[in-house]
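Here is the structure we will look at, set down as structure tokens.
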Amino acid sequence: MRKVLGIVATQMAVTFAFSLAASASKPIGLFFKHPAVIIICLIGFIGCVCALIANKQLTRKVPDNYIILGVITICEASLIATAAAELTEASVLMAIMATCVSTAGGTNF
């Protein structure tokens with residue numbers, strides 16, 4: 001249980017960092033909104049998910065599954081940062097706090 005919650009917390013932290021950076025800094029926000037970055041992230045995300053679906057053994061190989069999960073996390077965080085680039089810092093902070101509270105509330109410690 002701790003391992004899963006640790007992975008989820010890391011994914012949320014990466015997504016939060018990308019989103020906050022995109023909303024706080026105009027150049028970083030423009031980077032995430034670039035069409036090439038969006039296309040690369042979509043291809044990476046879909047490719048990793050398809051690899052996991054097609055090869056069930058990848059989900060059980062320890063270094064491979066963490067690498068694929070890391071790529072999925074970075075791609076997904078980048079896509080969320082694309083939307084967050086249009087938002088204010090305060091709204092991004094409120095959204096991540098609401099997500100953290102609902103995630104923590106859904107788990108039994």
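The values are calculated or read from the model by the stated rules, or taken from the named source; none is laboratory data. What you see is a predicted model; the values in this text were computed from it and never measured. Neighbour counts are summed over all protein chains in view; Cβ atoms, including those assigned to glycine, are modelled from backbone coordinates with ideal geometry. Calculation scope for accessible area: heavy atoms of the full protein, side chains included, ligands and nucleic acids excluded. Shrake-Rupley method; radii C 1.70, N 1.55, O 1.52, S 1.80 Å.
In the condition set (1) at pLDDT below 90; (2) surrounded by 12 or more Cβ atoms within 10 Å (Cβ to Cβ), residue 77 is compliant with all but (1).
Taking first residues from region 47-66 that are part of a helix (DSSP H, G or I) and partners that are among the polar types (S, T, N, Q) and open to solvent by less than 50 Å² (accessible area, probe 1.4 Å), the Cβ contacts under 9 Å between residues at least 6 apart in sequence or on separate chains come to 52/65; 58/65; 59/65. Being out of contact with any Pro (no Cβ under 7 Å at 6 or more places or on another chain), more than 28 Å from residue 90 (Cβ to Cβ) and open to solvent by 40 Å² or more (accessible area, probe 1.4 Å) is the requirement here; does residue 28 meet it? No, not satisfied.
Considering region 32-67 alone, what residues qualify as being of a type in the set (S, T, N, Q) and open to solvent by 70 Å² or more (accessible area, probe 1.4 Å)? Walk me through how you get there before you give the answer.
Looking only at region 32-67, we keep the residues that are of a type in the set (S, T, N, Q), and these are 55, 57, 59, 65.
Of everything in region 32-67, just one residue is of a type in the set (S, T, N, Q) and open to solvent by 70 Å² or more (accessible area, probe 1.4 Å), namely 57.
With respect to residue 88, determine if the residue is within 23 Å of residue 99 (Cβ to Cβ), out of contact with any Ser or Thr (no Cβ under 7 Å at 6 or more places or on another chain) and touching a residue at least 40 places away in the same chain (Cβ under 8 Å).
Working: within 23 Å of residue 99 (Cβ to Cβ): yes; out of contact with any Ser or Thr (no Cβ under 7 Å at 6 or more places or on another chain): no; touching a residue at least 40 places away in the same chain (Cβ under 8 Å): yes.
No; evaluated as a whole, the condition is false for this residue.
Among the candidates 15, 99, the residue that is modelled with pLDDT under 90 and in a helix (DSSP H, G or I) is uniquely 99.
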